[in-house]
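J.: Structure below; questions to follow.
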Amino acid sequence: MPSRSLLPALVGARLSAGPAVTPIAFVNAIVQAYARQQQNPAKALAWAQIAPAALADPTARISAAQMERISGAAMQELDDEALGWFSRRLPWGSYGMLARASISAPTLGLALRRWCRHHGLIADDISLQLTVAGDTATLSITEHRPLGDWREFCLVSVLRNIHGLACWLIDSRIPLQGAQFPFAAPQHQDVYGVLFSGPSAFNTESAAIRFDARYLPLPLRRDEPALQQMLQRALPLTVLQYRRDRLLVQRVRQALLSQPDQSHNADDLAAWLKLSPRTLHRQLKDEGASLQALKDEVRQSRALALLLRTARPIKQVAQGAGFQNEKSFIRAFRGWTGTSPAEFRRSGAASAD
């Protein structure tokens, strides 16, 4: 998915400055893809500043920038965005096409289901499934043909790619509850703690990642211009970490809506969410929100609905919106709208007429 125009812009950059955590085994898989097409990887290795001698050292590691470079170069030289994983090539732009097919979805869940379905149309060596059991969502891979020397690199990359895309689509960190792989733990198994948040298990039935299913109803926060920009340098999706976690805001909002009669102080709400009050405030701040702002938002929304859709007295509306008394409700309502609840109700009724 990276753009051809990006490659010259990176020439001369010092690629080894970042931490070297990517195992050389993944580079060797790319070299194998060159061999299968009877092409020479020397130019791509040099451009990524990877010494050929490192290929023979199973303990060698490279930086994320080096991995981005050699992957981008190989995708272009081999015209295969799958880097040899599948029985047929995925020509340049294949994954961009999948992203465009998913970005119009209203929710993350539908976007991921589209991605899984469409991925099977372009590469039938594997199939991807999104399943939900209780509060856990699982993205799993079923292998339909032997993946050979590319098996680990393929399964890791596909799962990292779809996880990175999911985070990008909702502009949110999505912590993983765990990852699993149907092969023995490799010599570089320590790197899996960096590649995947949550514990990793090996020798399982299939490859999969698990996360909280409550992310699935969240709306997408990206549009076509954002997609165009992302496709200029899509590979960092697999390493980009998001500090913001939009699920907490959604969970707090749902808690406030489901229990309108409660006072919702920070201690009680944090206990309900299984967080400490300090963590609650800190994570909300990271998401650009505050508990008080969310309480005001939910109270205002409920008050407006009660005023316009019911004939309840103002005192009952105040109670239904979570206020202790009518006076504090009227004062807050004036701050929200610049008018009193009674005036707002009359104006709403008049506009309906």
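Any read-out appearing in this document is the output of simple, stated calculations on the displayed coordinates, not a laboratory observation. As the structure is a computational prediction, the values presented were derived from the model and not from experiment. Here the Cβ is made from the backbone with ideal geometry for all residues, glycine too, and neighbour counts use every protein chain on show.
J.: For a quick check: with amide H placed at 1.01 Å from N, whose amide H comes under 5 Å from THR204's, ignoring anything fewer than 5 positions away on the same chain?
T.: Sorted by chain and number, the residues that satisfy this are PHE181, PHE183.
J.: Looking at the calculated P(r) for region 34-171, what percent of the C-alpha pair distances fall above 19 Å? Before the final figure, lay out each step's value.
T.: Values: 5332 of 9453 pairs.
Cα-Cα pairs of region 34-171 separated by over 19 Å account for 56 percent.
J.: Between GLU224 and GLN38, how high is the FRET efficiency from 1/(1 + (r/R0)^6) when r is the Cβ-Cβ distance and R₀ = 56 Å? Nearest 0.05.
T.: 0.90
J.: Related question: Per 10 Å bin from zero, what fraction in whole % of the C-alpha pairs of the chain is there, up to the bin with the longest pair?
T.: 5, 21, 26, 20, 12, 9, 6, 1, 0
J.: Follow-up question, since we're still on this one. Please identify the chymotrypsin sites (Phe, Trp or Tyr not before Pro) of region 142-222 that satisfy two criteria: DSSP loop assignment and at most 13 other Cβ atoms within 10 Å. Which are they?
T.: Qualifying residues, ordered by number: PHE183.
J.: Give a residue-ordered list of calculated ³J(HN,Hα) values for region 301-316 (Karplus: 6.51 cos²θ - 1.76 cosθ + 1.60, θ = phi - 60°; whole Hz; x for Gly, Pro).
T.: 4, 5, 5, 4, 5, 5, 5, 8, 10, 10, 10, 4, x, 4, 4, 6
J.: Fewest Cβ neighbours within 10 Å first, please rank ARG145, ARG117 accordingly.
T.: Least crowded to most crowded, the residues run ARG145, ARG117.
J.: Lysines within cross-link reach of LYS315: Cα-Cα under 22 Å, excluding same-chain residues under 8 positions apart?
T.: LYS295, LYS327
J.: For the chain, what relative contact order do you get, as a whole percent, if you take Cα pairs closer than 8 Å and at least 6 residues apart?
T.: Here the relative contact order equals 14 percent.
J.: Using a Gaussian network model on the chain with a 10 Å cutoff between Cα atoms, which of ALA332, ALA65, ALA74 fluctuates the most?
T.: Comparing ALA332, ALA65, ALA74 in a Gaussian network model of the chain, the most mobile one is ALA332.
J.: With viscosity set to 1.306 mPa s at 10 °C, what whole-number translational diffusion coefficient in µm²/s follows for region 246-352 from Stokes-Einstein and a Kirkwood radius over Cα pairs? If you can, show how the numbers build up before the last one.
T.: Numbers: Rh = 14.6 Å.
Rounded, D is 109 µm²/s.
J.: I need two numbers for region 135-207: Rg to one decimal and Dmax as a whole number, Cα atoms only, in Å.
T.: So, for region 135-207, Rg and Dmax equal 12.4, 35 Å respectively.
J.: Let me know the Rg and Dmax you get for region 58-132 when you use only its Cα atoms, in Å.
T.: 14.7, 44
J.: For a quick check, take a GNM of the chain with Cα springs below 10 Å and name the residue from TRP47, TRP272, TRP85 with the largest mean-square fluctuation.
T.: In the Gaussian network model the winner is TRP272.
J.: Taking the Cα-to-Cβ direction at ALA56 and at SER127 and moving 7 Å from each Cα, how far apart do the two end points lie in nm?
T.: The answer from the label model is 4.5 nm.
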